Amino acid sequence: MSNNCLSLLGLNCSDCRISALCLPLSLHGDEIGQLDEIVQRGRPIHKDEYIYHAGSDFASIYAVRSGAVKTYAIDSEGHEQVTGFHLPGEIFGIDGIGRNRHSNSAIALETSAICEIPFNRLTDLSLTIPSLQRRFISLMGLEINEDQELLTLLSKKSAEERVATLLINFSIRNQARKLSATVFRLPMSRSDIGNYLGLTLETVSRVFSRFQKSGLLNVDKKEIEILDLAGLKTLTSSCAPDADLNTEKAG
C-alpha cells in the first residue's frame, strides 16, 4: 500500500486537494462537514479489483480520490464495452440511479482511493443544501453528455481523430486538476483504449506511432508528452478518413 493512499484514508472533504472538482464551490464549512459525515472511505482498492458489478443493487455513488477507475458494460453477445475512464475528483456510479441497479461494472485500473457516498443519505442532505442538489443534477447531465459524446466519437471514420480526441480530453481533465496539460500518464492499456474508441489494438498502436513520427507526441509506454497541442486539436475537427487506420474493432 502506497504512502499516498494511506494518507488519503485520513483526509476529510475539507482537506481534500481535489474537493473543488466533485463538490459545489458554494458549500460552506458546516455544510462540507455534514457531507463529510456521510462519506465512507475504506481501504485502497487494488488494481483489477471491482468497486461494483453490473446488475448489483445501486446504493451509492463514488468519487475517485487517487488512482483511476474503468467502467464497462457487457453487450448482448457477451463482449465488453468500455464506457468510461474516471480520474481523481471525478464521480462515477450514477448509472445505477434510474433502475436501482448498476448497468456497468467498475474496476480499478491501478491502486486507487475511493470515496463512497450512500445515495439515500445524499438525497436527504441535498434537500437541506440546495447547492448540493444542483451539483448532482449537473453531474447526471454531464453523464448524459458524455454518453452522447462517445456515440458521436464512435461514429467518426478516422482512427486518428478518435485517438486525438481522447488525448485532448485527458489533457483538459488533467488541467482541471491543476496538473500538466501536456505531460501525463494514461492509466489504461492500449487494449482498453481500442475498446473504448471502437478500434483494434493494432490500430491504436499505429496511430500512436504515427503521432510520434509526425512530431505531435512523445510516447513512452503509458507516459505521454504532447509536443504540438494545437496540431492535435486540429486533428479532432479536420482529420479526413484514413483507409489504413479506419479499422473498427471486430466484435
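The values are calculated or read from the model by the stated rules, or taken from the named source; none is laboratory data. Nothing here was measured: the structure is a model prediction, and the numbers come from that model. Reconstructed Cβ throughout: ideal geometry from the backbone, glycine too, with neighbour counts over all protein chains shown.
So the check is Cβ under 9 Å with 6+ separation or different chains; which pairs have a first residue in region 126-149 that's more than 13 Å from LEU35 (Cα to Cα) and a second one that's aromatic (Phe, Trp, Tyr) and surrounded by 13 or more Cβ atoms within 10 Å (Cβ to Cβ)? Qualifying pairs under 9 Å: GLU143/PHE92.
Would it be correct to say that LYS70 is part of a loop (DSSP other than H, G, I, E, B), touching a residue at least 60 places away in the same chain (Cβ under 8 Å) and among the basic types (Lys, Arg)? Spelling it out, it is not the case that LYS70 is part of a loop (DSSP other than H, G, I, E, B), touching a residue at least 60 places away in the same chain (Cβ under 8 Å) and among the basic types (Lys, Arg).
Does PHE85 fit the bill of being crowded, with 22+ Cβ neighbours inside 10 Å and either outside the structural domain of GLY42 (by TED's automatic domain parsing) or of a type in the set (A, V, I, L, M, F, W, C) (or both)? Considered against the rule, which asks whether it is crowded, with 22+ Cβ neighbours inside 10 Å and either outside the structural domain of GLY42 (by TED's automatic domain parsing) or of a type in the set (A, V, I, L, M, F, W, C) (or both), PHE85 comes out as yes. Looking across region 27-67, the residues that are in contact (Cβ under 8 Å) with a residue 40 or more places away in the chain, over 27 Å from ASN174 (Cβ atoms) and over 21 Å from the mean Cα position of the chain (by Cα) come down to GLU31, GLN34, ILE38, ASP57.
Screening the candidates THR152, THR203, THR165 for the property of being surrounded by 21 or more Cβ atoms within 10 Å (Cβ to Cβ), among the β-branched types (Val, Ile, Thr) and modelled with pLDDT under 95 yields one hit, THR165. Does GLU223 qualify as being surrounded by fewer than 19 Cβ atoms within 10 Å (Cβ to Cβ) and in contact (Cβ under 8 Å) with a residue 60 or more places away in the chain? So GLU223 does not fit the description; no.
Just a yes or no: is a residue in region 212-226 in a helix (DSSP H, G or I) and under 10 Å from VAL163 (Cβ atoms)? Checked region 212-226: no residue is in a helix (DSSP H, G or I) and under 10 Å from VAL163 (Cβ atoms). Condition first: within 20 Å of ASP95 (Cβ to Cβ) and touching a residue at least 60 places away in the same chain (Cβ under 8 Å). Now tell me which residues in region 107-125 satisfy that. Listed by number, the residues that qualify are ALA108, LEU109, SER112, ILE114, CYS115, GLU116, ILE117, PRO118, PHE119, ASN120, ARG121, LEU122.
Is it the case that VAL183 is of a type in the set (A, V, I, L, M, F, W, C), at pLDDT 90 or above and closer than 19 Å to GLN81 by Cβ? Here the answer is no, as VAL183 does not meet what is asked. Within the set ILE107, ILE114, ILE51, ILE91, the sole residue that is closer than 25 Å to LYS222 by Cα, buried (at least 19 other Cβ atoms within 10 Å of the Cβ), at pLDDT 95 or above and not hydroxyl-bearing (Ser, Thr, Tyr) turns out to be ILE51.
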